[in-house]
Amino acid sequence: MNKFTLAAIGTVAILLAGCSHSDRPSETSLINIDLEKQIEAQPTGLDRAEARFVVQPALTDSSMLLPPTASDGVALRGVHNGCLMLTNKGSMMTFDEADGRCIHSFSHIGQGPGDYSWLSPYTYVGADGNWNTVHSCGVNVYTQAGDFLVRHELDSLREIAPLPGGYWAAMMKEFDQPQTIYIYDTQWKPVKQLSTTAVSRRYRMSDGLPVTEIVDFSRSSSFVGVMQGDTLMAIDPEAEDLVPIARIDCGTYSKPKEYTSLEDMKEKGAQCLYFFTFPVGKYLMVNSYMGEKAWLQFYDRADGSLVYSNSGTRNLNNGSISFPIEIDGTTYPCSITACVDGSTLYLVTDSDFMAELTGDEDANPAFISLKLKD
């Protein structure tokens, strides 16, 4: 029997944003965003966007990057001391942001101590610059050079996320009950637990199809939050409770609470608006999509006003989302990474586009930064 896993993006998702590990939720008031109304907004504030070509990682036999659309393709996991830290084809890699040179590249695929059978998508860079990756109900820690440091056993571990101050958030395999957020210190020792109303659940449709809806992480690194209903709640390791940031209403495009069959899931799912969101400086970035349409928008965190809106496309075959970003007269098709450095959002280009632009059919994708002028 086939199993289907639904990542409840836009309903309940842990959200991470930033690469500095030092930002904390600001004392702004709760803002309201009517996403149903705003998704069809005309392009707004495009002249405020300052886009910059950051770097194209150097291409060698050991540093050829898969397209970001591939299942184990390149993913930017963090920016640390002037280096881009990526995962790609089961490897953890470090590139110099100044010239694109590959400094470190390693893989620990195997059966021995410190090895993993496959590199988890829940792989992040800690505040100390070390790699942390989920493997078989635990966390393996490696240096940038690939030396295995330690393994931390965590029963029922499902996902992790880096918090400000070097702390970590984790979710366990909890179903049909409110999800708990577990907070750990830099050495993975338990600090506290935060309760949510979000629920990962398993149920069977009328045709017997088993379905799992998961409270899922959405990637980045200096802000961590959870979508609790329609409200984005920040997770601050020094706070006693979740901190409300924004209320986001999808209106008639909201995801149904339950499906009755596979056909019902396909039909209703195609009419839903999905999104992920995290702060970028003084703005709240919202990347939403429905069908083949996608929107990249920035809202002012002080009053909720829409200050930037760019329309893009979504590939229904692989789910990839692309937005046109112009730099010096060239329009780059870019997708959002999970990395923010202060008020700058990092994006990654399409590999085929870079091959056409450079004339090298094996060209690596490149990284772009986007910042809004005040």
Q.
Against the condition among the aliphatic types (A, V, I, L, M), modelled with pLDDT of 80 or more and within 21 Å of Ile248 (Cβ to Cβ), how does Ile9 come out, does it pass?
A. no
Q. Which one of these does Thr186 not meet: (1) farther than 30 Å from Ile39 by Cα; (2) polar (S, T, N, Q); (3) at pLDDT below 85?
A. (3)
Q: Taking the options Leu59, Leu76, name whichever one is at pLDDT below 90, under 17 Å from Ser351 (Cβ atoms) and either in a strand (DSSP E or B) or not polar (S, T, N, Q) (or both).
A: Leu59
Q) Among Glu27, Glu50, Glu36, which is the only one that is over 25 Å from Gly251 (Cα atoms), within 24 Å of the chain's Cα centre (by Cα), at pLDDT 85 or above and acidic (Asp, Glu)? A) Glu50
Q. In the set Val215, Val134, which member is among the aliphatic types (A, V, I, L, M), open to solvent by less than 50 Å² (accessible area, probe 1.4 Å) and in contact with a Phe, Trp or Tyr (Cβ under 7 Å, 6 or more places away or on another chain)?
A. Val134
(Q) With the requirement that a residue be open to solvent by 20 Å² or more (accessible area, probe 1.4 Å), in contact with an Asp or Glu (Cβ under 9 Å, 6 or more places away or on another chain), within 14 Å of Leu163 (Cα to Cα) and not basic (Lys, Arg), what does segment 178-197 give you? (A) Thr186, Val191
Q: Would you check if there is a residue in segment 105-127 being buried (at least 16 other Cβ atoms within 10 Å of the Cβ), touching a helix residue (DSSP H, G or I) at 6+ places or on another chain (Cβ under 7 Å) and either small (Gly, Ala, Ser) or over 30 Å from Gly342 (Cβ atoms) (or both)?
A: yes
Q. Any idea which of (1) surrounded by 15 or more Cβ atoms within 10 Å (Cβ to Cβ); (2) at pLDDT 90 or above; (3) in contact with a strand residue (DSSP E or B) (Cβ under 8 Å, 6 or more places away or on another chain) is the one Gly251 doesn't satisfy?
A. (1)
Q.
It is to be established whether one or more residues within segment 270-277 are part of a loop (DSSP other than H, G, I, E, B), of a type in the set (A, V, I, L, M) and over 29 Å from Tyr184 (Cβ atoms).
A. yes
Q) Filter segment 142-167 for residues that are open to solvent by 10 Å² or more (accessible area, probe 1.4 Å) and of a type in the set (A, V, I, L, M, F, W, C); which is nearest to Gln228 (Cα to Cα)? A) Leu154
**Q.** Condition check for Thr231: within 24 Å of Gln177 (Cβ to Cβ), polar (S, T, N, Q) and out of contact with any Ser or Thr (no Cβ under 8 Å at 6 or more places or on another chain)
**A.** yes
Q. Is there a residue in segment 305-314 that is out of contact with any helix residue (DSSP H, G or I) (no Cβ under 9 Å at 6 or more places or on another chain), without any contact (Cβ under 8 Å) to a residue 24 or more places away in the chain and among the β-branched types (Val, Ile, Thr)?
A. yes
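The values are calculated or read from the model by the stated rules, or taken from the named source; none is laboratory data. Just so it is clear, the structure is predicted and the values come from calculations on it, not from any experiment. Note that each Cβ is placed from the backbone with ideal geometry, even for glycine, and that neighbours are counted across all protein chains shown. Protein only, heavy atoms only, side chains kept; ligands, DNA and RNA dropped before computing areas. Shrake-Rupley method; radii C 1.70, N 1.55, O 1.52, S 1.80 Å.
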